[in-house]
Amino acid sequence: MDEKLNVAIIQAELEWEHIDANLEMFSEKIKGISEKAELIVLPEMFTTGFSMNAENLAEETEGKTLNWMIKTAKHKNAAITGSVIIKENGAYYNRLFFVFPDGNYKNYDKRHTFTLAKEHLTYTAGKDRLIVEYKGWKICPLVCYDLRFPVWARNTEDYDVLIYVANWPEKRVNAWDALLKARAIENMSYCIGLNRTGEDGDGYVYNGHSAAYDVLGNAITGLDRAEEFVEEFELSKQALMETRDKLKFLQDRDAFSLE
């Protein structure tokens, strides 16, 4: 088990529905990430923006973007995660991949499709939550709208890190800020939220506010930033466990199940 986990988050403006341009852009930004980084976090639908044009943009599971993620993970010797438009068995998914440095991967399909944007009419909702074990850390990666549903993020497996990758618009960014902090506090875990910036092809504006919080809801990163940036930071397993052992709030959680 590694006592420390070094994370890099990339807040960027996405080229609307242009897979190759976005892969090239992220490749350039990733080049500047230090060798210490062990996990690189990218936004939701990081190759296209939050598009409902799945028929023209969807890739097969073993498509261009996943192959790029595998190649990048191996080259940087770091895990990489973000979501992509995927077609499988005739259905479309907003699918997050968590790719390990050796090229193996796990995936999670967004559970809560964003009905306000009619995402549910295009994409099939996922049914299963993913807990990734990486370097002795238990990581729960989720996608955007999932942030509004605390029961889905409920820390029943004693995970250490909660991650949200997103295209969360500026007009509702106050909710983003508040809920990321709340998810960290109520689950007694680190919480990382990675959003995009800029304007998409549907005219929606995004102002980032990507951030990470510790188990008590204290900010680890800078806050309220709308510009593009890459930031690296370190998570401490010792600090996490000491706080949990001292406060023991997770031991008092209610027991219930989802249907």
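The values are calculated or read from the model by the stated rules, or taken from the named source; none is laboratory data. Just so you know, these numbers come straight off a predicted model, no measurement behind them. For neighbour counting, all protein chains shown are included, and Cβ atoms are generated from backbone atoms with ideal geometry for every residue, glycine included. SASA here: full protein model, heavy atoms, side chains in, ligands and nucleic acids out. Shrake-Rupley method; radii C 1.70, N 1.55, O 1.52, S 1.80 Å.
Is there a residue being among the small types (Gly, Ala, Ser) and over 28 Å from residue 223 (Cβ atoms) anywhere in the range 59-71?
Yes, there is a match, as at least one residue in the range 59-71 is among the small types (Gly, Ala, Ser) and over 28 Å from residue 223 (Cβ atoms).
Of everything in the range 13-48, what is touching a helix residue (DSSP H, G or I) at 6+ places or on another chain (Cβ under 8 Å), in a loop (DSSP other than H, G, I, E, B), touching a residue at least 40 places away in the same chain (Cβ under 8 Å) and crowded, with 24+ Cβ neighbours inside 10 Å? Give them in sequence order.
14, 42, 44, 46, listed by residue number.
Sort out which residues of the range 163-185 are surrounded by fewer than 19 Cβ atoms within 10 Å (Cβ to Cβ), closer than 19 Å to residue 240 by Cα and either in contact with a helix residue (DSSP H, G or I) (Cβ under 8 Å, 6 or more places away or on another chain) or among the charged types (D, E, K, R) (or both), and write them in order of number.
182
Here is a list: 117, 54, 79. Which entry is over 19 Å from the mean Cα position of the chain (by Cα) and open to solvent by less than 10 Å² (accessible area, probe 1.4 Å)?
Values: 117 fails: open to solvent by less than 10 Å² (accessible area, probe 1.4 Å); 79 fails: over 19 Å from the mean Cα position of the chain (by Cα).
Matching residue, one of 117, 54, 79: 54.
Out of contact with any helix residue (DSSP H, G or I) (no Cβ under 9 Å at 6 or more places or on another chain) and part of a loop (DSSP other than H, G, I, E, B), is that true of residue 127?
yes
If you go through the range 228-239 one residue at a time, do you hit one that is in a helix (DSSP H, G or I), under 21 Å from residue 2 (Cα atoms) and without any contact (Cβ under 8 Å) to a residue 40 or more places away in the chain?
Within the range 228-239 (the criterion being in a helix (DSSP H, G or I), under 21 Å from residue 2 (Cα atoms) and without any contact (Cβ under 8 Å) to a residue 40 or more places away in the chain), the answer is yes, since at least one residue qualifies.
For the range 212-225, which positions are surrounded by 17 or more Cβ atoms within 10 Å (Cβ to Cβ) and among the hydrophobic types (A, V, I, L, M, F, W, C)?
212, 215, 220
Considering the range 49-90 alone, what residues qualify as being more than 20 Å from residue 21 (Cβ to Cβ), in contact with a Pro (Cβ under 7 Å, 6 or more places away or on another chain) and not in a helix (DSSP H, G or I)?
Once the filter is applied, which keeps residues that are more than 20 Å from residue 21 (Cβ to Cβ), in contact with a Pro (Cβ under 7 Å, 6 or more places away or on another chain) and not in a helix (DSSP H, G or I), the range 49-90 yields 77, 78, 79, 81.
Against the conditions (1) closer than 24 Å to residue 148 by Cα; (2) buried (at least 17 other Cβ atoms within 10 Å of the Cβ); (3) aliphatic (A, V, I, L, M), where does residue 99 fall short? Just the number, please.
If we test residue 99 against (1) closer than 24 Å to residue 148 by Cα; (2) buried (at least 17 other Cβ atoms within 10 Å of the Cβ); (3) aliphatic (A, V, I, L, M), just (1) comes out false.
Can you name every residue in the range 130-145 that is open to solvent by less than 60 Å² (accessible area, probe 1.4 Å) and in contact with a strand residue (DSSP E or B) (Cβ under 7 Å, 6 or more places away or on another chain)?
130, 131, 132, 134, 137, 139, 140, 141, 142, 143, 144
Among the residues of the range 182-223, write down those that are assigned to a strand (DSSP E or B) and of a type outside the set (A, V, I, L, M, F, W, C).
Hits for the range 182-223 are 190, 193, 197, 198, 199, 206, 207, 213.
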